[in-house]
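This report concerns only the one structure given below.
The values are calculated or read from the model by the stated rules, or taken from the named source; none is laboratory data. These numbers were taken from a predicted model, which means no experiment stands behind them. Neighbour counts run over all protein chains shown; Cβ positions are idealised from the backbone, glycine included. Quick note on the areas: whole protein, heavy atoms, side chains included, nothing else; ligands and nucleic acids left out. Shrake-Rupley method; radii C 1.70, N 1.55, O 1.52, S 1.80 Å.
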Amino acid sequence: DAGPSVLAVTGLTASYGASEVLRGIDIAVSQGELVAVLGANGAGKSTLMRALAGLHRPVGGSVSFAGQEVGQLPANRIARLGLVLVPEGRQVFPELTVEQNIRLGAYGRPSADLTGDIEKLMDRFPRLRERRTQRAGLLSGGEQQMLAIARGLVANPEVLLLDEPSLGLAPALIQDLYATLGALRDDGTTILLVDQMAEMALSIADRAYVLSSGAIVAGGTPAEVRQSGVLHDSYLGGG
Ligand code: ATP
């Protein structure tokens, strides 16, 4: 067992109008873990991430974060508490420079405090250091994803939420990206990510869950999830 949970989701339900999209989700993440939620298109992955970040109001259930109920808090409060979302599709500001994009993630931290942290991020993401003063719109898709992650990290998250970081990236770049995520975890960053690249995510995750039609249908170590046989049924396995 991985110790006490920093994030515990219990019975979480969410809907769009009359259609229930999350049907009683139970997920736990312990400090220092990298936990993957695997799911096909439309399984509810983005809705789950948005609900945890306060961007989609849950209908029911509980989100306990660092010992506090956050399920009904507004998104800015949740982010300031340290539950920080890197949204699907990267969403960098193309006209701003790489460094300006990173600074936007700092959520009101005094800029004097940031300098050392930004240097550490530049060590972690050497491609971003090379392109520090370039407009973000000129970066490749893989670099923009790294930038979006750096922007999340500069907030000093207790838990980093990643919505489908591999989306739209070539296989070699997905491999680089996942190697970076594994290194971040090895440095102590707690990560909860959703992705459809099941094998790639399982290759670095400490634990994983499988989300299918809004319900968790398997969970455990990567080996347990592979053995459960649900990956094939859920149209997962690629990557
Ligand atoms: P994808 O990989 O396509 O992003 P996902 O696993 O992230 O899929 P969600 O985006 O959470 O899935 O969507 C779950 C379900 O909710 C889908 O059936 C989707 O059509 C539906 N849905 C998503 N957003 C809305 C919305 N704004 N209004 C109505 N239905 C929505």
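What the table below lists for this structure:
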| read-out | value |
| --- | --- |
| Residues of the stretch 96-116 classified as within 23 Å of Val29 (Cβ to Cβ), surrounded by fewer than 19 Cβ atoms within 10 Å (Cβ to Cβ) and at pLDDT 90 or above, total | 0 |
| Lone unmet requirement of (1) away from the ligand (no atom under 13 Å from the Cβ); (2) open to solvent by 10 Å² or more (accessible area, probe 1.4 Å); (3) not β-branched (Val, Ile, Thr) for Asn41 | (1) |
| Subset of the stretch 214-233 [of a type in the set (Ser, Thr, Tyr) and at pLDDT 95 or above] | Thr221 |
| Any chance Ala28 is of a type in the set (A, V, I, L, M, F, W, C), away from the ligand (no atom under 16 Å from the Cβ) and surrounded by fewer than 17 Cβ atoms within 10 Å (Cβ to Cβ) | no |
| Among the candidates Leu161, Leu167, residue that is closer than 25 Å to Gly188 by Cα, open to solvent by less than 10 Å² (accessible area, probe 1.4 Å) and touching a residue at least 12 places away in the same chain (Cβ under 8 Å) | Leu161 |
| Conditions (1) modelled with pLDDT under 95; (2) in contact with a strand residue (DSSP E or B) (Cβ under 6 Å, 6 or more places away or on another chain); (3) more than 20 Å from Ser166 (Cα to Cα); number of the one not met by Glu88 | (3) |
| Residue ID - most open to solvent (accessible area, probe 1.4 Å), chosen from residues in the stretch 81-95 that are more than 16 Å from the ligand (Cβ to nearest atom) and without any contact (Cβ under 8 Å) to a residue 60 or more places away in the chain | Glu95 |
| Of all residues making up the stretch 132-141, the number that are crowded, with 21+ Cβ neighbours inside 10 Å and small (Gly, Ala, Ser) | 1 |
| Search result, residues across the stretch 51-74 that are within 15 Å of the chain's Cα centre (by Cα), free of Cβ contacts under 8 Å to residues at least 40 places away in the same chain and on the phi < 0 side of the Ramachandran plot | Ala51, Leu55 |
| Residue ID - farthest from Glu143 (Cα to Cα), chosen from residues in the stretch 110-126 that are in contact (Cβ under 8 Å) with a residue 40 or more places away in the chain and in a helix (DSSP H, G or I) | Leu114 |
| Filter pass, Leu236 being at pLDDT below 95, open to solvent by less than 40 Å² (accessible area, probe 1.4 Å), in a helix (DSSP H, G or I) and within 16 Å of the ligand (Cβ to nearest atom) | no |
| Number of the exception - Gln68 against (1) farther than 27 Å from Gln196 by Cβ; (2) in contact with a strand residue (DSSP E or B) (Cβ under 9 Å, 6 or more places away or on another chain); (3) not small (Gly, Ala, Ser) | (2) |
| First in the stretch 28-50 and closer than 13 Å to Ala215 by Cα, second anywhere and basic (Lys, Arg) and near the ligand (Cβ under 7 Å from one of its atoms), Cβ under 9 Å, 6 or more apart | Val37/Lys45; Leu38/Lys45; Gly39/Lys45 |
| Set Ala79, Ala136, Ala148: member being in contact with a Pro (Cβ under 7 Å, 6 or more places away or on another chain) and not β-branched (Val, Ile, Thr) | Ala136 |
